Structure formats: C-alpha cells, structure tokens
Amino acid sequence: MSEEQWTREREAFLSLPRLAGRLTAELILRSPQGLDPCQDYAIDLRANKIAAIENMGATQNQFDAIDLSDNEIVKLEGFPPLSRLHTLYLSNNRIARVGVDLSQQIPMLKALYLTNNRLKNLADLDPLKSCKRLTHLSLLGNPVSKNPDYRLYAVYSLPALKVLDFRKVKLAEREAAEKKFGGKDGLKAREAAKTFEVGDVGAGGGVNADPGADESAAPGGSGPTPQQLLALQAAIANAETLEEVARLENALSNGVMPSDFQI
C-alpha cells in the first residue's frame, strides 16, 4: 500500500461512526493498516475512545508500529507477546500506570510516545527500566515532567535512551545522572527524588500548569504529532544532502518543526 493509499484509507475510516470504548478484534481488522512514511508496517487505531488495551492478539504480530493516540487508555498493559512491534504512539490518553510486564510483551520496543498523559511520579517510570532497547521516549505534558530530577532520573534509568522529549540526550547529562543517582549514595538520591509531589492532573490529561514553564518541552508544550514525526523521519531518509539531513535530525531531536516543512 502506497503512502497516498494509506492516507486515503485512514481519512475514510475516521469519517465512519465511532464504536466507543472497546478495542475489539473487529475494530483491529477493519482499521487502516499498511506501510507508513517510515516504511514501517503500521496500524492506525487513533480516536476510538478505547479505554483498555485488549484483543491485540488479533494483530497476529504483523506490525512494526501501532498508533493508539487520542483514546482514553488508563494503563499501558494488555499486550500479548509481540516480537515484531518496536514503536508505540500513545499520546493524548489518560495513562497513569505502566504495566510491569511491558518489556516481556514488547521485547523490541525502541520508541514510546506518551505525550499528554497522566504519569505522575518518578516511580511510574520504573517499569520502563526493563525495556533495554528503548531509545526514544516522550513524556511531555505528563505531571512527572515537572519533577526537577525527572530528566536525569530518566537518563539514569534508561541507559539506551538517545532522545527524551524530542531532545537528544547529551554526554554531560549521562555523567550528571550517574553522579547523582549512581553508586551507594545514589540509592538515597533516587528514593528522595521519588517523594516529589506535583500538581493535580487536568480533566483532559497533562498538567495544570503554564506550558511555558517547562523548559524541557518543545514550543507549544506537546511536541510534534505522530504524523509529523513520521513525516520528519521519512524526509530524513529521502534527504539528498548532508546539510538537509542534519537540519531535519536537529528538528526531530528538538521537537520543533521547521517553518518551511510541509506534510
């Protein structure tokens, strides 16, 4: 399926009446699926008012990427073993907890986008420690991102992480994270960091705070959409000059779309 056919099928599907609340095998089978702009075989399950992840065995382990953005999911769990899946889009849900078995369910997970959810405490990130291949993570718009130790804690806990909240993880950050949280003294620092309390979560997910107050966030407070991420990655793959590759990779890392970039 070409990118143009993928787009047409997705738009046609989104125009259908929504069957709210359940992620059924029927919904999975009739949802748009095909090669996305990154040439990953993907399924689009956006905006179905899904409250829980279930019946994912119906995917038959066919997909590299699954898009579950813009639903009402409250816990990241419920996957059968999916050895092929490596990218999950879950922005704009109500996720407040990550299942402890996630790494066993999705052993190849390398990119997880949880922008605008309800993860509140640093301890909520601990189940991700076992995701040894996780290189890209977004938690913008989650209450936990307001914790002053959040970024260093995430970098320490996830050694393979390369990009956090659309910003490249720098060597200086890795060194600072190890200094603060490593070794015997680091145990006390980790436990102390987890006691930080953040504000209440708003009704639509995210944080009841001024978006401009989070210096780690991209402009606008939520970062690029999944479609923009895919388009940027595809543009990098098709770039003809090193300068263009560098410019687009910088935009991808910083979460700032170039002003002349069109999807």
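The values are calculated or read from the model by the stated rules, or taken from the named source; none is laboratory data. Keep in mind it's a predicted model, so treat the numbers as computed, not measured. Every residue, glycine among them, receives a Cβ derived from its backbone with ideal geometry; neighbour counts consider all protein chains shown. Calculation scope for accessible area: heavy atoms of the full protein, side chains included, ligands and nucleic acids excluded. Shrake-Rupley method; radii C 1.70, N 1.55, O 1.52, S 1.80 Å.
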Counting only other residues whose beta carbon sits under 12 Å from that of Thr87, what net charge do I get with K and R as +1, D and E as -1? -1
Taking placed amide H atoms and a strict 5 Å upper bound, the residues 5 or more places from Ala52 or on another chain that come that close are Leu23
What size of dipole, in debye to the nearest 20, comes out for the range 71-172 about its Cα centre when the only charges are +1 on Lys and Arg C-beta atoms and -1 on Asp and Glu C-beta atoms? 320 debye
Taking only Cα atoms of the range 96-205, what ratio of Rg to Rh do you get with Rh as the Kirkwood inverse-distance radius? 0.94
Gap separating the Cα centres of the range 97-120 and the range 146-196, nearest whole Å: 18 Å
With every protein chain present, what accessible area does Glu244 have (1.4 Å probe, heavy atoms only), rounded to the nearest 10 Å²? 60 Å²
What is the percent carbon and sulfur in the accessible area of the range 47-96, measuring with a 1.4 Å probe over the protein chains and ignoring ligands? 45 percent
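Provide Met257, Met108, Met56 ordered by accessible surface of protein heavy atoms (probe 1.4 Å), highest first. Spell out each step's value before the answer.
On the way: Met257 50, Met108 75, Met56 0 Å².
Result, largest first: Met108, Met257, Met56.
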How about Lys132: which lysines have a C-alpha closer than 30 Å to its C-alpha, ignoring those fewer than 8 places off in the same chain? Lys75, Lys110, Lys120, Lys146, Lys162, Lys168, Lys170, Lys179, Lys180, Lys184, Lys188, Lys194
